[in-house]
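Remarks on the structure that follows.
Every number here is computed from the coordinates shown, using simple stated rules; none is lab data. All values derive from a computational prediction rather than experimental measurement. Cβ coordinates were reconstructed from backbone atoms using ideal geometry, including for glycine residues, and neighbour counts include every protein chain displayed.
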Amino acid sequence: MSENRADVLILGGGLMGAATAFFLRQRGLSVILLERRLVGQQASGINFGNVRRQGRFLPQLPLANRSRAIWGRLPELLGEDVEFLPSGHLRVAYTPEAVATMESYRDGARPYGLDLELLSGNAVRARFPWLSPEVMAGSYSPHDGHANPRLAAPAFARAARRAGARIEEEAEVLTIEHESGGYRLNTADGRVWRAPVLQVSAGAWGGRIAARLGEPVPMVVRGPQMGVTEAVPYALLPVLGVTTKEIREVLYLRQVKRGNIVFGGTGHGPAELDAPPHRANPDITLHQFTQLRRMVPALGALRIIRTWSGIEGYMHDEIPVMGPSAKWPGLFYAFGFCGAGFQIGPGVGDVMAELIATGTTTTPIEPFHIGRFT
Amino acid sequence: MAAPRVIVVGAGPAGTRAAELLAAAGLRPTVVDEGRASGGQIYRRQPPGFRRDARTLYGTEAGRATALHATFDGLGPAIEYLPETLAWNIHGGALYVQREERARRLPFDALLIATGATDRMIPLPGWTLPGAFSLGAAQIALKAQACAIGSRVVFLGTGPLLYLVASQYVKAGAQVAAVLDTAPPGARWKGLPLMAARPALLAKGAVLIAQLMRAGVTMRRGVVPRRVLADAAGTRVAGVAIATPDGGEEVIACDAVGMGWHLRAESQLADLAGCAFDFDADSRQWLPRADEDGRASAPGIYLAGDSARILGADGAEIAGRLAALAVLKDLGLPAPPGQDVAALRRQRQVMDRFRRGLALAFPWPAGLVASLPDETLVCRCEAITAGALRQSATELDAPEMNRAKAFSRTGMGRCQGRFCGIAGAEIVAAARGVPVEVAGRLRGQAPVKPLPVAALADDASTLEST
Amino acid sequence: MADAGSRIMTTPPAATAPLLRRLGETHRAPVAFTIDGQPATALEGDTLLTALLLNAGALRQSEFGDGPRAGFCLMGACQDCWVWTEDGGRLRACGTPVQPSLRIVTREAPWPPLG
């Protein structure tokens with residue numbers, strides 16, 4: 001079975017795995033990606049599509065900046081368009097406490113090269129006149145934006161394949177064994193796969209696999225709650241969000257150029273590793289309506305045409321697992337992105353490829369190391 | 001013990017008969033219906049102020065229609081009737097409904113889905129032009145609004161409704177340019193043995209066709225339609241182009257076309273309730289699984305009428321009764337006197353034979369659909385072409401419809417794939433060289449129909465927060 | 001397809017000519033409303049779709065640039081007949097009775113309306 005051998009095996013074909021495969025090929029390593037179903041079908045495909053740095057955990061900003069640079073080069077890198085639109089990202093505040101949070105975040109983000117513009121309620125409405133009178137302030141990030149999650153991971157996988165990677169869909173890994181010189185994986189179809197290096201980028205399933213490899217992590221899975229309106233003339237350019245500590249106020253929305261307004265937030269639904277994805281919870285959908293009208297009253301005249309949910313993995317400390325294993329040589333992790341992996345996905349792939357190929361990375365990722373849980 | 005909460009969705013023939021029987025058993029079912037008045041689409045009532053009599057509106061079915069309306073109107077306080085109300089989702093043992101700006105959660109012990117059907121459509125090039133309507137639309141314009149869809153109308157498609165609507169137009173004084181049936185001339189003979197199960201209905205069909213012939217209406221069988229043609233400005237229907245045997249094209253001039261290829265089940269609610277679906281080879285569509293009385297695979301869910309099996313209006317009345325009896329039995333309640341389940345099941349079986357005969361006599365032209373030109377707008381909501389859908393199935397390697405939808409946006413618009421989903425699966429299957437059932441079906445996603453963001457929940461405290 | 005045009009017998013009505021043809025029930029009381037700011041008349045009991053298509057050749061323009069649309073199913077399933085009101089409201093024309101107060105726009109206006 002020598003043909004099923006590569007420099008690197010990637011377990012999981014979400015955005016992280018597909019991007020890693022692509023960048024590994026750029027560095028000349030041979031790579032096989034094993035995906036249980038189809039590439040980009042889980043969290044990578046059903047997420048909101050935010051390409052946002054604003055609001056991230058500050059130590060994650062160097063990675064987010066590196067990723068943002070890749071987003072801007074994607075059409076040329078991948079040879080296809082994933083509808084990345086750098087139309088800006090605006091967070092609004094409804095309370096003085098939230099305004100203070102915004103100010104301190106702006107100050108903290110500046111040393112990382114993320115310049116945010118704070119606007120008073122009147123100033124933000126002067127620029128975005130469809131915002132509601134309740135908006136007390138806005139924090140504007142001009143170079144963030146959004147993209148189409150249904151397209152991004154499959155586009156990376158296709159580009160990786162064109163560059164020589166093997167992308168194996170419908171390949172369910174049953175066992176993972178250490179052997180001399182690396183890792184041996186068995187898939188449900190009876191095939192055997194070998195490589196000196198293994199990357200686990202299995203999203204919500206990452207915690208289960210890490211536990212089997214002797215590195216348990218505290219993780220839960222949840223279902224994001226998403227919906228989309230009918231198409232109306234393109235008007236809401238920036239991606240919108242809310243700065244708040246109250247989960248029921250956490251709403252985000254973006255209008256795609258074709259006119260539909262995608263939204264999500266205000267709570268999560270349940271998700272299960274061993275069951276088909278849950279649908280969106282209608283009680284949450286209805287609650288989202290109140291927050292949609294609260295932020296942009298004109299949305300009250302529109303209809304939603306579709307809702308969906310899915311599965312995302314959340315670490316208890318809301319920080320992803322990324323980097324080398326604390327236990328096994330040649331083993332790497334990139335999972336548990338806590339519902340905020342889409343923007344950093346391309347950067348994660350680039351950094352993981354660098355780390356695997358060179359043994360180090362120029363982007364600091366120590367805060368994400370799995371060893372923090374031991 | 002509190003009285004069981006039973007909800008019927010739909011107030012057409014199936015929903016009306018189910019509600020009648022549940023009420024007779026002493027329950028007070030809730031009947032949720034989108035219409036302003038009961039009757040469904042087939043026995044749709046004209047608005048107040050219209051004067052045509054039942055015979056004019058419903059022809060040979062006038063007796064059935066008026067009986068059904070009278071039954072529903074007679075139920076009065078024996079049911080909780082929620083008209084003009086959309087059932088948009090099912091979650092946690094409750095039906096979610098909306099009327100204007102009010103959204104409600106209605107918990108149930110049993111939910112009987114009788115949501116009917118819509119026309120099954122072929123997205124012919126030009127089908128989005130003003131003047132191109134579904135057959136059902138052509139009939140509704142006439143019955144409920146006393147209007148024709150145009151001054152010179154072509155009816156195109158296959159199935160009994162094609163001839164019924166054409167004859168109704170002729171009777172109402174509209175000009176029918178042609179009736180173009182895509183069924184091959186010999187197909188009717190293939191369906192005859194099964195259709196002989198209902199000789200009276202077969203005879204009615206023969207009378208319709210004879211009437212159309214006497215009226216001098218051009219009728220063609222074995223038609224291969226190419227496209228609906230636009231006028232010079234590209235703003236409305238000017239004709240229908242059909243293939244000629246010599247490989248050329250013939251144009252039949254008209255200013256409107258009513259199209260339909262039988263019906264497709266409105267099965268979204270069953271999908272949202274988690275019911276299993278099976279591919280029905282006879283009708284070449286996916287249908288929710290149900291036992292002979294209408295029990296779905298999901299507990300507490302019952303299916304009746306065309307939303308489960310396209311048996312027509314009288315079949316729907318029987319299915320509604322059977323499903324209601326199944327609800328009562330499963331709730332441990334006695335059936336009202338005089339209900340003969342065995343006889344109802346036998347009648348339903350006869351109608352199912354007829355249904356299979358119709359599918360043979362008026363076949364779905366799968367090959368025509370699979371070979372629609374690349375520039376055809378398959379998804380009329382999102383304006384997605386057959387070429388884009390094919391590309392998602394081949395170049396982008398989508399193995400089935402939901403993946404093709406994710407890549408191409410086919411079926412992602414306001415109608416949720418009602419009018420392009422079946423044709424889209426044929427296109428994906430043909431592009432990949434697999435049977436159509438392998439291309440699957442579009443999964444239902446709430447809301448069943450567009451839901452206003454203005455909707456306010458009655459009880460916002462039901463939010464399940466984590 | 002070369003001779004397709006020449007074989008069309010009837011002259012197609014102008015783009016703005018009404019699409020539907022009323023066959024009866026004309027005794028009903030008239031209802032005045034507006035289409036793109038112009039006065040129009042319908043009859044009580046007409047749906048908005050009927051009212052519009054007895055006065056015009058289309059309901060709206062496709063938001064994706066493929067031309068005019070005029071509804072399709074008339075039973076609230078296809079969602080093709082959503083029209084805008086002058087104040088930014090949305091109505092499904094096939095299921096909405098025409099009202100004297102209605103001011104419908106068939107051309108896409110800027111959204112959202114800012115007052």
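Here are a few things to note about the model shown:
- Computed label-point distance, nm, for sites residue B:297 and residue A:220 using a 7 Å Cα→Cβ extension: 3.1
- Helical runs assigned H by DSSP (4 residues or longer) give chain B a calculated mean residue ellipticity at 222 nm of -10500 deg cm²/dmol, each run adding -39500 (n - 2.57) before division by the residue total.
- Within the stretch B:1-32: backbone nitrogen closer than 20 Å to the residue B:67 label point (7 Å, Cα to C-beta): B:11-25
- As a length-normalised measure over Cα pairs under 8 Å and 6 or more apart, the relative contact order of the stretch B:367-432 settles at 38 percent.
- Inter-probe distance in nm under a simple model that places probes 7 Å from Cα toward Cβ, at residue B:100 and residue B:276: 4.4
- Remark: relative contact order (the stretch B:121-261) = 37 percent; criterion is Cα-Cα distance under 8 angstrom and separation of 6 or more residues.
- ³J(HN,Hα) computed for each position of the stretch B:245-257 - Karplus, 6.51 cos²θ - 1.76 cosθ + 1.60, integer Hz, glycine/proline x: x, 7, x, x, 9, 10, 10, 9, 6, 6, 10, 7, 9
- Relative to one another, the C-alpha centroids of the stretch A:333-374 and the stretch B:80-139 are positioned 47 Å apart.
- Using a Förster distance of 30 Å, the FRET efficiency for residue A:69-residue A:317 (Cβ separation, nearest 0.05): 0.65
- Computed 3J(HN,Hα) for the stretch B:189-197, one whole-Hz value per residue from the Karplus formula 6.51 cos²θ - 1.76 cosθ + 1.60 where θ = phi - 60°, is 5, 5, x, 4, x, 6, 5, 5, 4, glycine and proline marked x.
- Between residue A:212 and residue A:26, the C-beta separation translates, for a Förster distance of 30 Å, into a calculated FRET efficiency of about 0.50.
- Filtered GluC sites (Glu not before Pro), the stretch B:21-85: DSSP coil and at most 14 other beta carbons within 10 Å: B:84
- Long-range HN-HN contacts of residue C:62 with modeled amide H, under 5 Å: C:67, C:69
- Taking every residue in A:257-263 and counting other chain Cβ atoms within 10 Å of its Cβ, the average works out to 2.
- Per residue of chain A, the DSSP helices (runs of n ≥ 4 H) give a summed -39500 (n - 2.57) that works out to -8500 deg cm²/dmol at 222 nm.
- Cα-based shape type of chain A, given that a ≥ b ≥ c are square roots of the gyration tensor eigenvalues and the cut on a/c is 1.5: prolate
- Normalised contact order of chain A, rounded percent, pairs of Cα under 8 Å and 6 or more residues apart: 25
- Using alpha-carbon coordinates, inclination of helix B:62-75 to the longest axis of chain B, degrees: 30
- Where labels lie 7 Å past Cα in the beta-carbon direction, separation of residue A:179 and residue B:211 in nm: 7.7
- Under-5 Å amide H pairs with residue B:379, H placed in peptide plane, nonlocal only: B:384
- For residue C:65, neighbours were defined as the other residues whose beta-carbon sits under 11 Å from its Cβ, and their charges (Lys and Arg +1, Asp and Glu -1) total -2.
- Three-way shape label, the stretch B:78-199, alpha-carbon gyration tensor, a/c 1.5: prolate
- The protein assembly as shown: antiparallel DSSP beta bridges as a percent of all, rounded to 5: 65
- Angle of helix A:96-109 to the longest C-alpha principal axis of chain A, folded into 0 to 90 degrees and rounded to 10: 50°.
- The alpha carbon centroids of the stretch A:192-224 and the stretch B:1-66 are separated by 55 Å.
- Going from the fewest other Cβ atoms within 10 Å to the most, the residues A:178, C:27 appear in the order C:27, A:178.
- Compared with the alpha-carbon gap, the fully stretched path from residue A:362 to residue A:169 is longer by 66.3 nm at 0.36 nm per residue.
- Residues with amide H under 5 Å from that of residue B:239, placed H, sequence gap 5 or more: B:229, B:254
- Of the trypsin sites (Lys or Arg not before Pro) found in the stretch C:21-115, the ones in coil according to DSSP and having at most 12 other Cβ atoms within 10 Å of their Cβ are C:107.
- Global form of the stretch B:121-261, assessed from the alpha-carbon gyration tensor, a/c cut-off 1.5: oblate
- Considering only A:189, A:144, A:350, the mean-square fluctuation computed in a Gaussian network model of chain A, springs between alpha carbons under 10 angstrom, is largest for A:189.
- Beta bridges per DSSP with both ends in chain A, % antiparallel, nearest 5: 70
- Between the stretch A:21-91 and the stretch B:217-233, the C-alpha centres lie 49 angstrom from each other.
- Which of A:141, B:297, A:180 has the fewest Cβ neighbours within 10 Å, and the rest in rising order: A:180, B:297, A:141
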